[in-house]
Every structure is written in structure tokens, then in C-alpha cells.
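**Q** Here it is, the structure in full.
The values are calculated or read from the model by the stated rules, or taken from the named source; none is laboratory data. Everything numeric in this text was worked out from a predicted model, so none of it was measured. Cβ sites come from the backbone with ideal geometry, for glycine too, and all protein chains shown count toward neighbours. Note: accessible area is taken over every heavy atom of the protein model, side chains too, but ligands, DNA and RNA are not part of it. Shrake-Rupley method; radii C 1.70, N 1.55, O 1.52, S 1.80 Å.
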Amino acid sequence: MFEIPLAAVGVRTHTPAPVPGDRLASAHLAALDAAAADAPVLVGGVSFGAHLAAEWAVANPARCAGLVLALPAWNGPPGDAPAALSALASAGDVARLGLRGALDGVAGSAPAWLAGELERAWTGYGDGLVASLELAAGRAAPTLEQLATVRVPAGIAACVDDPIHPVAAARRWAAALPRSAVRSTRLDVVGVDPEALGRAAVLAWVDAGGLDTPT
């Protein structure tokens, strides 16, 4: 999603493999620490990955060169955020029906491209999938006050037709981040052009002054 759009502006992408289960968040944050050991880095992610990228940026202002974020879902505690409720429901389906049964349920109700993406992603989590979904659903995202302390360029991508990651959440993040921009697309576009979401985030980062900041 991000690799080719970032390559177009001269940025090389490194994607740490997730560590399923209870260490999903802590291992990802540790991977960002390792990546920034020698120089500041541009960090990003989608949905929960966007939350973790911003959380790391809040805690590491001197090591973060910028943010490319897609589909942020909430601020602070998740509460009844649609993405949190969806993740909990998916965890329950996997626990009750098994991975195959849960994926068959998704295939019956979701667009084919989304069902395919979830099958690719979920299969890699093995026995740690339920714990991973529950962890993502329960972890607080940065508050708006915390985002206000992040002064690097931040590009945010949203889908205007995504009820799970409301565009209003992306706009709240953008309003809080001092140097930010938002670009939007649609889920049906992402379905035929998987890079569309990453491209929107990278273009928003450029809009926010990202090319003016060494990365």
C-alpha cells in the first residue's frame, strides 16, 4: 500500500512483520525503535498501525521525521468506536467458528477484495489472531492533546464511505496535528487500486511539507 507511493518521492519502505498475540503492540513499537536507532524515520500504518505510529511519534519526537497515516479510528480510549466493536466481533467469530468459519462469514457479507485482504492478513496470525484483535480493540490511541505535540509533517488518508473508520476521525486527527493534511478516497477505489490509500496518505504528507523535512 505504501511502498510504491513512497518510492515515487524517494523514500524506501521497511515493513516489520507483526508479532501476533499479546505482544503485537509492544513488538511493533520496539521495531520502530530499532529502525530509528541511527536516524529519524518516517513512520506510518493503517488503522491500528496508524495508532501505533502516532503513539510512537508522541513518545519519540526527536526520532520521528514524519507520519503517513491511513484510516485512524479513534482518539484516547476506544469506547464504542466502530472499529473497536468490529475487531471484538471478529475476535468472537474466530473464537467461536474458527478461522475458516469466520472468513467464510466475511466472504458472505464483505466485498470480495476486502474478504481477500482479511484472509491474507488473518491467516498469518495463526493462534494469536484472537488475542491480536482483542488487543487492538482495547488499546487507547493518542489523545488529541498528545497529537498536538507532534510537530512533524503528517499525511492522513481516509475513505469517505468507510463506516468502520469514519472520515470524521481522520479530520479530528488532522485538526489536532500542527502540520498535517488530509486526502480522501473511496473503498471501491481501493478495491481496484490497492495503492490508492497509501498514495492519498503520501500526497497528504507532501501537502503538509513532508518533502521539506529530511527523511
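**Q** Among the residues of the range 183-194, is any buried (at least 19 other Cβ atoms within 10 Å of the Cβ) and basic (Lys, Arg)?
**A** Yes: the range 183-194 contains one or more residues that are buried (at least 19 other Cβ atoms within 10 Å of the Cβ) and basic (Lys, Arg).
**Q** Taking the range 135-171 as the region of interest, how many residues are open to solvent by 50 Å² or more (accessible area, probe 1.4 Å), over 25 Å from Arg63 (Cβ atoms) and charged (D, E, K, R)?
**A** Residues in the range 135-171 being open to solvent by 50 Å² or more (accessible area, probe 1.4 Å), over 25 Å from Arg63 (Cβ atoms) and charged (D, E, K, R): 2 in total.
**Q** Hey, any hits in the range 48-63 for a residue that's outside any helix (DSSP H, G or I), touching a helix residue (DSSP H, G or I) at 6+ places or on another chain (Cβ under 7 Å) and either more than 13 Å from Ala169 (Cβ to Cβ) or touching a residue at least 40 places away in the same chain (Cβ under 8 Å) (or both)?
**A** No: zero hits.
One line per residue, one yes/no per condition, for (1) of a type outside the set (Asp, Glu); (2) over 15 Å from Gly155 (Cβ atoms):
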position	(1), (2)
Phe2	yes, no
Gly21	yes, yes
Asp38	no, yes
Phe48	yes, yes
Arg63	yes, yes
Leu67	yes, no
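**Q** Tell me which residues, restricted to the range 164-175, are free of Cβ contacts under 8 Å to residues at least 60 places away in the same chain and either in contact with an Asp or Glu (Cβ under 9 Å, 6 or more places away or on another chain) or not small (Gly, Ala, Ser) (or both).
**A** Val167, Arg171
**Q** For the range 120-134, name all the residues that are open to solvent by less than 70 Å² (accessible area, probe 1.4 Å) and not in a loop (DSSP other than H, G, I, E, B).
**A** Across the range 120-134, the qualifying residues are Ala121, Trp122, Gly126, Gly128, Leu129, Val130, Ala131, Ser132, Leu133.
**Q** Can you tell me how many residues in the range 64-80 are assigned to a loop (DSSP other than H, G, I, E, B) and open to solvent by less than 10 Å² (accessible area, probe 1.4 Å)?
**A** 2
**Q** So Gly98 clears everything in (1) more than 26 Å from Arg151 (Cβ to Cβ); (2) open to solvent by less than 30 Å² (accessible area, probe 1.4 Å); (3) more than 14 Å from the chain's Cα centre (by Cα); (4) in contact (Cβ under 8 Å) with a residue 12 or more places away in the chain except one condition, right? Which one?
**A** Just one mismatch for Gly98, condition (4).
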